[in-house]
Amino acid sequence: MKNINKVLDILEETYPDAKCELDYTTPFELLVATILSAQCTDVRVNKVTGEMFKKYNTPKDFANLSIEEIEEEIKSCGLYKSKAEKIKSTSEKIFNEYNGEVPDNLEDLTKLPGVGRKTANVVLSNAFGQDAMAVDTHVFRVSNRIGIVNTQTPEKTEFALMDAIPKKRWSHSHHLLIFHGRRICKARKPECSICPITKYCKYYKNNFDKVHS
């Protein structure tokens, strides 16, 4: 896409409040919240962590809990059994191998159980203020649909977006694409009639007649 900076400028104007919608106060809280957010809404995650973090919010806290106790705390998040195991194992590893501090680099973060590139990049970007491109389902869908990239997997999308977007815009672009995917460029039926970037959108150009039929 030749006009990527223009598209991002328009999205910035459209979503001036675009930011991470998970509630957290520390890198570890964000890490746990991001693990919980898999196939779960941010609203639900915030409801769960809003109560849970009042009681437990450090790697030591979760390392000392049983998997069953963690399951009970996060039950309403979905996939809670596997998420409880990941949170427990990750907490133990951070506590035992990283002196209780969440690593601030991709290599170490992705060594943590249940932490892939997306989760790691969310933490690096939001908790540590680093330039990073996290690719979730919205970013993957929207960036390919509108034609910023043409890739088949989230990891390939991550690297393609890093090539296409200026580094200083990586982190904020992640939020802009998520906001656009949640509010207008929705998965089942994008609302092209109210979209501000149709002029630049590959999907809109390819489906012009369908959109207006």
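Nothing in this text is a laboratory measurement; each read-out follows from the coordinates by a stated rule. Bear in mind that the values here come from a model prediction, so they are computed numbers and not experimental data. Glycine also receives a Cβ, built like all others from the backbone with ideal geometry; neighbour counts cover every protein chain displayed.
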Q.
I want to check the label-to-label distance for Lys55 and Glu85. Put each point 7 Å from Cα in the C-beta direction and report it in nm to one decimal.
A. 2.3
Q) Lys93: which aspartates and glutamates have alpha carbons under 13 Å from its alpha carbon, excluding same-chain residues fewer than 8 sequence positions away? A) Asp61, Glu85, Glu101, Asp108
Q) Taking neighbour Cβ counts within 10 Å as the exposure measure, how do His175, His180 sort from fewest upward? A) His175, His180
Q: Restrict the search to the stretch 84-113; then list the GluC sites (Glu not before Pro) that DSSP places in a loop and that have at most 14 other Cβ atoms within 10 Å of their Cβ.
A: Glu101
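Based on DSSP H runs of at least 4 residues, each adding -39500 (n - 2.57), what is the mean residue ellipticity at 222 nm of the chain after dividing by all its residues, to the nearest 500 deg cm²/dmol?
Value at 222 nm, helices only: -17000 deg cm²/dmol.
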Q | Gyration tensor (alpha-carbon) shape descriptor, the stretch 27-126, a/c threshold 1.5 | A | oblate
Q. So, in Å, what gap is there between the alpha-carbon centers of the stretch 162-177 and the stretch 33-86?
A. 29
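For a 28 Å ceiling on Cα separation, which of these pairs sit above it: Lys88/Lys186; Lys60/Lys81; Lys83/Lys156; Lys6/Lys83; Lys47/Lys167; Lys118/Lys168?
Lys88/Lys186; Lys6/Lys83; Lys47/Lys167
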Q | Within the stretch 24-38: backbone nitrogen closer than 17 Å to the Asn46 label point (7 Å, Cα to C-beta) | A | 24-26, 29-38
Q | Average Cα contact separation per residue, the chain, under 8 Å, 6 or more apart, as relative contact order % | A | 21
(Q) As an exercise, use a Förster radius of 35 Å and the Cβ-Cβ distance of Thr25 and Ser66 to find the FRET efficiency, rounded to the nearest 0.05. (A) 0.90
Q. Roughly speaking, what is the stretch gain from Tyr98 to Lys6, that is 0.36 nm per residue apart minus the C-alpha to C-alpha distance, in nm to one decimal?
A. 28.9 nm
Q: Give, as a single signed number, the net charge of other residues whose beta carbon lies under 13 Å from the beta carbon of Glu85, with Lys and Arg counted +1 and Asp and Glu -1.
A: +1
Q) Relative to the present Cα-Cα distance, how much length would full extension add between Lys202 and Gln130 at 0.36 nm per residue of separation? A) 22.9 nm
Q.
How would the stretch 96-213 be classified by its alpha-carbon gyration tensor: rounded, prolate or oblate, with rounded meaning a/c under 1.5 and the a/b versus b/c comparison settling the rest?
A. prolate
